Amino acid sequence: MKIAIGSDHGGFSLKEKIRTYLAEKGYEIEDFGTYDTASCNYPEIASKVARAVAAGQFEKGILVCGTGIGMSMAANKVKGIRAAVVGDYFSAKFTRLHNDANIICLGERVTGPGAACEMTELFLNTPFEGGRHEKRVNMIKDLETEFFK
């Protein structure tokens with residue numbers, strides 16, 4: 001499975017731990033930055049990862065910042081992206097099972113590395129259930145084409 005990963009400076013350490021963990025498990029990972037703890041702008045990183053996932057270059061994406069919230073807000077602006085902030089195992093599983101999320105967002109300041117790695121792997125390996133959830137995901141997709149006045 002090809003995975004796109006990225007973080008801002010506030011999520012750099014956790015991103016590195018997740019990247020190493022997944023690489024050891026045999027995942028193919030491309031790191032979109034940042035590559036150190038120097039201050040950077042999370043929307044730039046989120047955009048790179050989200051656009052690569054939306055284009056089909058990667059099956060799923062992982063974004064990390066201080067809370068995961070900023071990354072999710074930025075990533076969800078890209079058409080075709082359903083990025084979910086996850087802080088527990090249930091959410092990591094059900095955002096895939098019911099929402100067909102394609103990017104997981106985590107927060108270094110709120111989630112420990114062990115739990116983050118396990119939640120990420122759960123996210124990556126849980127299939128979309130489809131069925132009644134397919135209609136709802138399609139409704140989300142429809143929102144991307146609506147124009148509001």
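Of note:
- For Lys17, the lysines whose Cα comes closer than 22 Å to its Cα, not counting residues fewer than 8 places off in the same chain, are Lys2, Lys25, Lys48, Lys60, Lys93.
- Cα gyration tensor shape for region 79-149, rounded if a/c is under 1.5, else prolate or oblate: oblate
- Tilt relative to the chain, helix 132-143 - C-alpha long axis, 0 to 90 degrees, to 10: 80
- DSSP loop GluC sites (Glu not before Pro) with at most 14 other Cβ within 10 Å excluded, longest remaining stretch of the chain: 60-128
- Degrees, to the nearest 10: 42-54 long Cα axis against longest axis of the chain: 50
- Using alpha-carbon coordinates, inclination of helix 113-125 to the longest axis of the chain, degrees: 40
Readers should treat all values here as calculations from the given coordinates under stated rules, not as data from a laboratory. If you're wondering where the values come from, they're calculated on a predicted model, not measured in any experiment. Ideal geometry is used to build each Cβ from the backbone, glycine not excepted, and the neighbour counts take in all protein chains shown.
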